[in-house]
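Below is one structure, written out as structure tokens; the observations come after it.
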Amino acid sequence: MSFPYQIKSLEQYHKDYNRSVQDPEGFWGDIAENFTWRKKWEKVLNWNFTDPKIEWFKGGQLNITENCIDRHLEKMADQPAIIWEPNNPEERTRIVTYARLHKRVCQFAQVLKNNGVKKGDRVCIYMGMIPELAYAVLGCARIGAIHSVIFGGFSAQSIADRLEDAQATFIVTCDGAYRGGKDIPLKSIIDDALIGNKIVKKVIVYTRTRTPVSMIKGRDIWWEDEMEHAESQVEKNGVFPFLQK
């Protein structure tokens, strides 16, 4: 994979910056050519600062997960896509290859679909810094759902405000997370944030710290159970497809 616009010197920076100002359509059009498009754009840039109205790559269609993962599988399937270092140095490092990342993202996209998540739905993600966070984000992107990652230090009230503002109907979280030497009870905080909430349909819970949690029947489901079911579906039906318009 080539990186034609990787800045390697101050001289190159000034040259590329000046071109981006003087010829934005040409500059950004050249960069966009290095992405995989489902449908190429009609025009790079339409802008009107009076209205104001600005449109980039009008008419173009792509799926970002194809660019992040799928296009690398032919030559880089067995190479690391994610190298995860744990909070606890005694815990094992996890190396996720592009092939494994692809499989897990397809599985989680299937999990979302199985639970009724559709294009445009808002999914709030409140997890620790683990590879499953990336699976969740990319799984949302694969089906066209809008994800909102919430900082692990937020209070229940702050999360409740985020959920209300986003009109989120789905949540992905963990039983708990490690921050420094502390075990943060993420699921319990989510439960407090959902007191009085009428629109969240499902809470998907990943087992991380094995902290005891309460699971509300009909709303709360375990990540591991859902992923196991989705794995059999993906194996039977093949790769989970990209969002189709």
Checklist line | Beta bridges per DSSP with both ends in the chain, % antiparallel, nearest 5 | finding: 45 percent
Check: D220's amide H: which non-local residues (gap 5+, or another chain) put their own amide H closer than 5 Å, with H modeled 1.01 Å from N in plane and none for Pro or chain starts?
Finding: V203
Item checked: Gaussian network model of the chain, springs between alpha carbon atoms under 10 Å - residue of R219, R19, R162 with greatest fluctuation -> R19
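Looking at region 75-158, which GluC sites (Glu not before Pro) are in a loop (DSSP not H, G, I, E or B) and have at most 13 other Cβ atoms within 10 Å?
Values: sites: E90, E91, E132; in loops: E90, E91.
Answer by residue number: E90, E91.
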Item checked: Whole-Hz couplings from phi, Karplus 6.51/-1.76/1.60, listed for region 211-221; x for Gly and Pro -> 6, x, 9, 8, 10, 7, 4, x, 10, 9, 9
Item checked: Net charge of Cβ neighbours under 12 Å - reference A230; Lys, Arg +1; Asp, Glu -1 -> -2
Margin query: Could you check the spin-label model distance between K201 and M129? Points 7 Å from the Cα along Cα→Cβ, value in nm.
Written below: 3.3 nm
Check: In a shell of Cβ-Cβ distance under 14 Å around H147, excluding H147 itself, what net charge do Lys and Arg (+1) and Asp and Glu (-1) give?
Finding: +3
Margin query: Under 27 Å between alpha carbons, and skipping anything fewer than 8 positions from K198 in its own chain: which lysines qualify?
Written below: K113, K118, K119, K187, K217
Item checked: Cα-based Kirkwood hydrodynamic radius, region 157-233, one decimal, Å -> 13.2 Å
Check: How high is the relative contact order of the chain, in percent, with contacts defined as C-alpha pairs under 8 Å that are six or more residues apart?
Finding: 14 percent
Check: How many percent of the alpha carbon pairs in the chain exceed a separation of 26 Å?
Finding: 50 percent
Next item on the list: Work out how much length T50 to Y17 would gain on full extension: take 0.36 nm times their residue separation and subtract the Cα-Cα distance, in nm to one decimal.
Entry: 9.4 nm
Next item on the list: Given the options K40, K118, K187, state which has the largest fluctuation in a GNM of the chain using a 10 Å cut-off (strictly under) for Cα springs.
Entry: K40
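Please compute, over every Cα-Cα pair in region 10-62, the percentage with a separation greater than 12 angstrom. Please report the intermediate quantities before stating the final value.
Working: 950 of 1378 pairs.
In whole percent, the long-distance tail amounts to 69.
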Margin query: Take T93 and Q167, extend 7 Å from each Cα along the Cα→Cβ direction, and tell me the distance between the two endpoints in nm.
Written below: 4.6 nm
Item checked: Residue with peak Gaussian network fluctuation, the chain [Cα springs, cutoff 10 Å], from K119, K202, K75 -> K75
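Read-outs: derived from the displayed coordinates by stated rules, not from any lab. Fair warning: this is a prediction, and the values are worked out from it, not measured in the lab. Note: ideal-geometry Cβ built from the backbone for every residue, glycine included; neighbour counts use all protein chains shown.
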